[in-house]
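Chemist: Please read through the structure below; I'll follow up with questions.
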Amino acid sequence: MKQVVKALVVDDHPLMAEATKLLLEQIEGIEVIGIAVDGRMCMELVESHLPELIFLDYQLPDQTGTEIAAQIKIKYPQIHIVIFTGVDVSALINKFIELQVSGVISKGTRHAIIKNIIGCILDNHMVFPRSSFNKLKLYPKLFPENAELTKEEITIMNLIVKGATLDQIAVQIHTSKRSIDNYQRKIYEKFGVKTRVEAIGKFLQSEYYQDAAGGK
């Protein structure tokens, strides 16, 4: 890489953010312009510095990586976004491809491999773990036909996508936490999933989320 590539690290864990910054700075031709600790700060730094590469943690205090990536790509489709995360996000593979995210890298990946991946991404390749594509094959139909959500379940899933806890959701829709637990269990059953990340992945790719997003 001959020209300087401006990079931005987005991670609310100080030690991990600094480690990621140091890793990127070891790669010839990359200049880290800053660290953002949440989605709002990320967008501010993107507007100010227009980085070519963003290492984006999926779980942030105010927004998910999916929401932030969507905002960035609408305004700056040329920016390479790498989801750099410590959680399993393979259930979201379709959404990442739809958003044209350049890659997904686990925080446990060896540094030498990360450097190779960055080279591929800057050459306009998309890089995803094999496990993501394996899950894609396992779930060709991401939203079962019989998985119709009620109005309350749609509201709850929209709040979950925004990062709300079950306690916060209970307060917002004026019901008990036990009721929210029951709603969540029914949603998992309808989606055929066992974890929150998997449920979010199914919901983000459903007609329900599209309708909610379109109504804003």
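The values are calculated or read from the model by the stated rules, or taken from the named source; none is laboratory data. Keep in mind that this is a model prediction, so the values were computed, not measured. As a convention, Cβ positions derive from the backbone with ideal geometry for all residues, glycine included, and neighbour counts pool all protein chains shown. Note: areas computed on protein heavy atoms with side chains; ligands, DNA, RNA excluded. Shrake-Rupley method; radii C 1.70, N 1.55, O 1.52, S 1.80 Å.
Chemist: Mind running the shape call on region 1-57? Use the C-alpha gyration tensor, a ≥ b ≥ c as the square roots of the eigenvalues: rounded below 1.5 for a/c, prolate if a/b tops b/c, oblate otherwise.
Modeler: Details: a/c = 2.87, a/b = 1.24, b/c = 2.30.
It comes out oblate by the Cα gyration axes.
Chemist: Any chance you could get the radius of gyration and Dmax over the Cα atoms of the chain, in Å?
Modeler: 18.0, 58
Chemist: Over the chain, with the other protein chains present, what is the accessible area per residue in square angstrom, probe 1.4 angstrom?
Modeler: Details: 11500 Å² over 216 residues.
For the chain, the per-residue accessible area is 53 Å².
Chemist: Given points 7 Å out from each Cα along the Cα-Cβ axis, report the Gln26 to Lys194 separation in nanometres with one decimal.
Modeler: Roughly 3.5 nm, to one decimal.
Chemist: Oh, and also: Using θ = phi - 60° and the Karplus relation 6.51 cos²θ - 1.76 cosθ + 1.60, list the HN-Hα couplings for region 108-113 in order, rounded to whole Hz, with x at every Gly or Pro.
Modeler: 3J(HN,Hα) across region 108-113, in whole Hz: x, 5, 4, 4, 4, 5.
Chemist: Something else: Taking the Cβ of Leu8 as the centre, find all other residues whose Cβ is under 12 Å away and add up their charges (Lys, Arg: +1; Asp, Glu: -1).
Modeler: Numbers: positive: Lys6, Lys21; negative: Asp11, Glu31, Glu44, Glu47, Glu52, Asp57.
Summing Lys and Arg as +1 and Asp and Glu as -1 gives -4.
Chemist: Once neighbouring chains are kept in place and the probe is 1.4 Å, which whole percent of the accessible area of the chain is contributed by carbon and sulfur? Spell out each step's value before the answer.
Modeler: Details: 6090 of 11500 Å².
C and S fraction of accessible area: 53 percent.
Chemist: Still on this structure: In whole Hz, with x marking every Gly and Pro, tabulate ³J(HN,Hα) for region 185-195 from phi via Karplus 6.51 cos²θ - 1.76 cosθ + 1.60, θ = phi - 60°.
Modeler: In residue order, the calculated couplings are 4, 5, 5, 4, 5, 5, 7, x, 10, 10, 10 Hz.
Chemist: May I pose another question? Mind listing the phi-derived Karplus ³J(HN,Hα) values for region 27-37, rounded to whole Hz, using 6.51, -1.76 and 1.60 with θ = phi - 60°, and x for any glycine or proline?
Modeler: Whole-Hz 3J(HN,Hα) from phi for region 27-37: 8, 4, x, 10, 10, 7, 8, x, 10, 10, 9.
Chemist: Could you pull out the longest piece of the chain with no exposed loop GluC sites (Glu not before Pro) in it, calling a site exposed if DSSP puts it outside H, G, I, E, B and it has at most 12 other Cβ atoms within 10 Å?
Modeler: 29-144
Chemist: May I ask for the angle, rounded to the nearest 10°, between helix 151-161 and the longest principal axis of the chain, with both axes built from Cα atoms and the value confined to 0 to 90°?
Modeler: In the chain, helix 151-161 runs at an angle near 20 degrees to the longest axis.
Chemist: Using modelled backbone amide H atoms (1.01 Å from N, in-plane), which distant-in-sequence or interchain residues come within less than 5 Å of Ile30's amide H?
Modeler: Val5
Chemist: Taking K and R as +1 and D and E as -1, what net charge do the other residues with C-beta under 11 Å from the C-beta of Tyr76 add up to? All intermediate terms of the calculation are to be shown ahead of the outcome.
Modeler: Details: positive: Lys73, Lys75; negative: Glu47, Glu52.
Summing Lys/Arg as +1 and Asp/Glu as -1 gives 0.
Chemist: Still on this structure: Can you tell me how much longer the chain between Gln3 and Leu15 gets when fully stretched, taken as 0.36 nm per residue apart minus their C-alpha distance, in nm with one decimal? Don't jump to the answer; show the numbers that get you there.
Modeler: On the way: separation 12, 0.36 × 12 = 4.32 nm, distance 2.84 nm.
Gain on extension, Gln3 to Leu15, equals 1.5 nm.
Chemist: Report the net charge of residues surrounding Pro51, where surrounding means a beta-carbon distance below 11 angstrom and charges are Lys +1, Arg +1, Asp -1, Glu -1.
Modeler: Charge balance in the 11 Å sphere: -2.
Chemist: Need one value: the accessible area of Ile33 in square angstrom, 1.4 angstrom probe, rounded to the nearest 10.
Modeler: 40 Å²
Chemist: Would you mind getting me the FRET efficiency between Asn158 and Lys75? Use the beta-carbon distance for r and R0 = 30 Å, nearest 0.05.
Modeler: 0.85
Chemist: When all C-alpha to C-alpha distances in region 17-98 are sorted into bins of 10 Å, what percent of pairs does each bin hold, rounded to whole numbers?
Modeler: The percentages, shortest bin first, are 16, 53, 29, 1.
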